[in-house]
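As structure tokens, the structure follows; a few thoughts come after it.
Derivation of every value follows stated rules applied to the coordinates shown; laboratory data play no part. This is a predicted model, so every value here is computed, not measured. Neighbour counts run over all protein chains shown; Cβ positions are idealised from the backbone, glycine included.
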Amino acid sequence: MTRKVPGFIIGAVQRFLLGTVFFLLVDACSNRIHEVDQTEIGFGSYFRICGRGKKADEVRKTVRRAFAEMHRLDTLWSNFVEKSEVVRLNRARTIPVSAETRNLIEKAIALGAATGGAFDITVEPLVRLWGFYDHSYRLPESPELKNLLRRVDYHQVAVRGDTVVLGDGVNLDLGGVAVGYAVDRIVEILLSGGLSEGLVDAGGDIRVFGDRVWRIGIQHPRREGVIRVLKLKNRAVSTSGDYENFFEVGGRRYCHIIDPKTGYPVSHWVAVTVIAPSALEADAYATALFVLGDNGVELLQALPGVGALFFEVRDNSVVGKEVGLVDE
Ligand code: AMP
Ligand code: MG
């Protein structure tokens, strides 16, 4: 997806998990527990599946199927793969697309409405203008930016039957929501394929399932190491931070999350971590709450089952405030 591989290396190493790999191998003759912990590259980052189930063969097959599905969805929604539905749609403006792409677009439009437009899948021209796709960063001129703002509005995306219609000059970037959707889909596959508990981690978009309580480390936004450890059961967590893809000019930091209303990268927080029932919600709301600043805190309070940690820099150190349900 939009997070490209060069950036992922830092993210992959730093957004790590605590206490996730130490399963005990139980190997009683009649009740064999099989464990997996595998990582592949996907969605411009690493994609890790770990979990356990009773039947070794079933678990192995299920994990293979899950990774195949992950690669399929990555190709379908990438902004970088020629044959992806997103690239073809951006080029042709009106094409029939698969049911799951329509479903994802509809969900993203609903999230646009729920966040007052802070989350907007039509930010593509802005992300491109600032150079965040290929790390060719630049400060755009104001008229150029104003001109592009006309092309950024999720209301100009319509799903009609099996066809998606884009308004004039409108281009999609599903990067703020596709990874979360994929993680949910993979968890569904793992559960239906005999895994009783596990964790899926797509470059920091994480969902855990089963009865176990998992300890998840949240990366410190300004240095190596962990700023907070969360205890989670059957939930998802996602972090949007200004350290993932950014550049600095004149001591000011410009990051890859853009306010669709102004066209400028936002900097109210250094990171926002969202805990939600699904990875789709965690992923999208982390991006949206990052954009919304203090208004995001108000929005969050009205969202059932969703909690967040807002991190900001005060007196040269990072402080966090917790809103809603965060830990188990
Ligand atoms: P995340 O790192 O999950 O917050 O996702 C950020 C990605 O979503 C960026 O790399 C862009 O591709 C895209 N994006 C940036 N700003 C927005 C926004 N306001 N709404 C939706 N997607 C965005
Ligand atoms: Mg996100």
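The peptide list 242-250, 73-81, 198-206, put in order of mean Cβ contacts within 10 Å with the highest first, becomes 198-206, 73-81, 242-250. Here the 3J(HN,Hα) profile of the range 244-258, calculated from phi with Karplus coefficients 6.51, -1.76 and 1.60 at θ = phi - 60°, is 7, 8, 8, 9, 10, 9, x, x, 9, 9, 10, 10, 6, 9, 10 Hz, Gly and Pro shown as x. Basic side chains Lys and Arg get +1 at the Cβ, acidic Asp and Glu get -1 at the Cβ, and with that the dipole of the chain about its Cα centre reaches some 440 debye. The listed peptides 126-133, 154-161, ordered by packing as a protection proxy, come out as 126-133, 154-161 (highest mean of other Cβ atoms within 10 Å first).
What are the DSSP H helices in the chain that stretch 15 Å or more along their long axis, judged by alpha-carbon atoms, and whose average Kyte-Doolittle hydropathy comes to at least -1.0?
Counting only whole DSSP H runs, the qualifying helices are 56-77, 99-114, 178-192, 279-292.
Going by a ≥ b ≥ c, the root eigenvalues of the Cα gyration tensor, does the range 100-220 fall in the rounded group (a/c under 1.5), the prolate group (a/b larger than b/c) or the oblate group? Oblate, because a/c is 1.5 or more while a/b does not exceed b/c. Once backbone amide H atoms are built at 1.01 Å from N, Arg228 has Ile218 as its partners under 5 Å, excluding neighbours fewer than 5 places away on the same chain. Our coupling estimate for the range 121-134, obtained by passing each phi through the Karplus curve with A = 6.51, B = -1.76, C = 1.60 and θ = phi - 60°, is 6, 9, 6, 2, x, 6, 4, 5, 4, 7, x, 6, 5, 10 Hz, Gly and Pro reported as x.
Hey, any idea what the orientation-averaged projected area of the convex hull of the chain's Cα atoms comes to, in nm²?
16.6 nm²
Enclosing the Cα atoms of the range 215-262 in their convex hull gives a volume equal to 99 cubic angstrom per residue. Measuring nothing but alpha carbons in the range 169-259 and taking Rh as the Kirkwood radius, the Rg to Rh ratio lands at 1.06.
Quick one: Debye curve from the C-alpha atoms of the range 237-328, no solvent, what's log10 I(q)/I(0) at q = 0.17 Å⁻¹? The computed values of log10 I(q)/I(0) come out as -0.68.
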